[in-house]
Amino acid sequence: MIEHPNPYQARVVDETLLTLMRAAGAVEIVGPKWCGKTTTAEQLANSAVYFQDPDTRQANLQLAASRPSLLLQGEKPVLLDEWQDAPSIWDAVRFAVDRDSRPGQFLLTGSATPSKAAEGQVRHSGTGRFLKLRMRPMSLYESGESNGQVSLSELFHSVEPAAQSLLSLEGLAQAIVRGGWPATVLHTGGDPLATSRGYLESLAESDISKVDGMEKNPRRVRLLLRSLARNESTQAAMTTLRADMAADEGSVSVNTIALYLNALRRLFVLDEQEAWPEGARSKVAQRSSPVRRFCDPSLATAALGITADKLLTDYSTLGLLFESLCIRDLRVYAEASGASVFHYRDARDLECDAIVENLDGSWSAFEAKLTASGFDDAAANLLNIKKHVRSQHGGEASFLAILTAEPYGYLRTDGVLVLPLACLKP
């Protein structure tokens, strides 16, 4: 393990990463900047090459271009951090794994998919040699704000509704504004809003243009980020984003917005929630556009300049951002067991905030409701989902659940679970 100045905070992906390393010669960890990829990889690596270390960057880039095999000679596993800066290293790793098929030799981390120009330097996909792990900002369970009394995976086998959260509504608002960035979770005392705004500023001024090698207007990037924040947790079309931006910028083409959105996806800043593919087999047409979400709700508060105190006076915005917090955490917990998180909405306007589907086809439906005032409507909606929606492989829903900021978890008389988000774990 590579020495690190700070104690390591365990992550949900730790066990998954170990499993992948036992199965393949190289594992790539991808996700947004600051989410903890490097620190997590350092727990397993015995040597490392850091392509963004200013002291060694130029020498490492030159070696990657001329003799990449020299960068792979450290003690295994070797960590190749932010490999997309030196895309030729991918083929060097692939070739090394071809020659020596032992598992767990290389760890690669990436905060962006390579640009089109860089993709031309990668000759092989890595199929059969590389496995990929998606990493996200810390969930409430990882930050210690969820007590983990209820296991998502175990709910598919038995109902465990009795739970009590100790996270107050004020604490929840602070967690949303702070976000799941390890630097702000582990080092309290700073200004979390300023930290996230700095993240977005760096994104607008530099990162978004580097990802695909195409210069972008920072002002337009900021306007797009603000529009995305206003439309967080919605299926806002590009025409909606365009109209929103036009109030401050004038005419912006849909093609330009599409280009910018694609760059945000490649940086893993946008983590859109796709429609449930099983639902597409229904006799009723499904609305398949994704729900727009940032990878962490703190980026939405940063784009809008919303503090935790201000959030507590705006329950409508708090509810939307709570939904995004629920989706972020559900993704972290579900993916630990190979499950996926989708949304569902059909032409009848029958919808739910999240569908969690396991590899065996079993599935569950979730609604996010900040307070108990919305429980009855949410439960009725979920029961309609169970009645009218069946998957081809998994049949009807295994369970239905309302995720909430209320303190108590229980089973309603109609069979719908009420689960405090701050009681959930993988």
Task: Residue within region 369-387 that is farther than 28 Å from LEU304 by Cα, touching a helix residue (DSSP H, G or I) at 6+ places or on another chain (Cβ under 7 Å) and buried (at least 16 other Cβ atoms within 10 Å of the Cβ) present - done: no
- [ ] May I ask you to list the residues in region 185-203 that are among the acidic types (Asp, Glu) and in a helix (DSSP H, G or I)?
- [x] GLU201
TODO: Starting from region 160-184, take each residue that is farther than 17 Å from PRO407 by Cβ and list its partners that are in a strand (DSSP E or B), counting only C-beta distances under 6 angstrom and pairs at least six apart or across chains.
DONE: none
TODO: Considering each residue of region 335-355, count those that are farther than 16 Å from ILE402 by Cα and either assigned to a helix (DSSP H, G or I) or in contact with a strand residue (DSSP E or B) (Cβ under 6 Å, 6 or more places away or on another chain) (or both), and give that number.
DONE: 5
- [ ] Please give the number of the condition SER288 fails out of (1) at pLDDT below 95; (2) buried (at least 19 other Cβ atoms within 10 Å of the Cβ).
- [x] (2)
- [ ] Test each condition in (1) touching a strand residue (DSSP E or B) at 6+ places or on another chain (Cβ under 8 Å); (2) at pLDDT 90 or above; (3) within 30 Å of GLY361 (Cβ to Cβ) for ARG265 and report the one that comes out false.
- [x] (1)
- [ ] Report yes if VAL93 is closer than 30 Å to PRO192 by Cα and touching a Phe, Trp or Tyr at 6+ places or on another chain (Cβ under 8 Å), otherwise no.
- [x] no
Task: Selection status of LEU224, in contact with a Phe, Trp or Tyr (Cβ under 7 Å, 6 or more places away or on another chain), closer than 30 Å to GLU351 by Cα and assigned to a helix (DSSP H, G or I) - done: yes
Open item on the list: If a residue must be part of a helix (DSSP H, G or I), farther than 16 Å from GLN84 by Cβ and free of Cβ contacts under 8 Å to residues at least 40 places away in the same chain, how many such residues does region 204-221 contain?
Closed with: 5
Open item on the list: For the condition within 23 Å of the chain's Cα centre (by Cα), aliphatic (A, V, I, L, M), farther than 22 Å from ARG178 by Cβ and in a loop (DSSP other than H, G, I, E, B), what is the one hit in LEU18, LEU44?
Closed with: LEU44
Task: Candidates GLU406, GLU396, GLU351, filtered to the one that is of a type outside the set (A, V, I, L, M, F, W, C) and modelled with pLDDT of 95 or more - done: GLU406
Open item on the list: Just checking, does region 393-402 include any residue being closer than 15 Å to SER324 by Cα, among the small types (Gly, Ala, Ser) and not in a strand (DSSP E or B)?
Closed with: no
TODO: Can you tell me which residue within region 215-232, out of those that are more than 19 Å from the chain's Cα centre (by Cα) and aliphatic (A, V, I, L, M), is surrounded by the most Cβ atoms within 10 Å (Cβ to Cβ)?
DONE: LEU224
- [ ] Kindly establish whether ARG348 is within 24 Å of ALA112 (Cβ to Cβ) and basic (Lys, Arg).
- [x] no
Task: Which numbered condition LYS310 fails, given (1) out of contact with any helix residue (DSSP H, G or I) (no Cβ under 6 Å at 6 or more places or on another chain); (2) closer than 29 Å to SER151 by Cβ; (3) outside any loop (DSSP other than H, G, I, E, B); (4) not hydrophobic (A, V, I, L, M, F, W, C) - done: (2)
TODO: Scan region 62-85 residue by residue and report those that are more than 20 Å from ILE29 (Cα to Cα) and either of a type in the set (A, V, I, L, M, F, W, C) or outside the structural domain of ARG99 (by TED's automatic domain parsing) (or both).
DONE: LEU63, ALA65, LEU70
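The values are calculated or read from the model by the stated rules, or taken from the named source; none is laboratory data. Small disclaimer: the values here were computed from a predicted structure and weren't measured. Don't worry about glycine lacking a Cβ; one is built from the backbone with ideal geometry, like all the others, and counts go over all protein chains shown.
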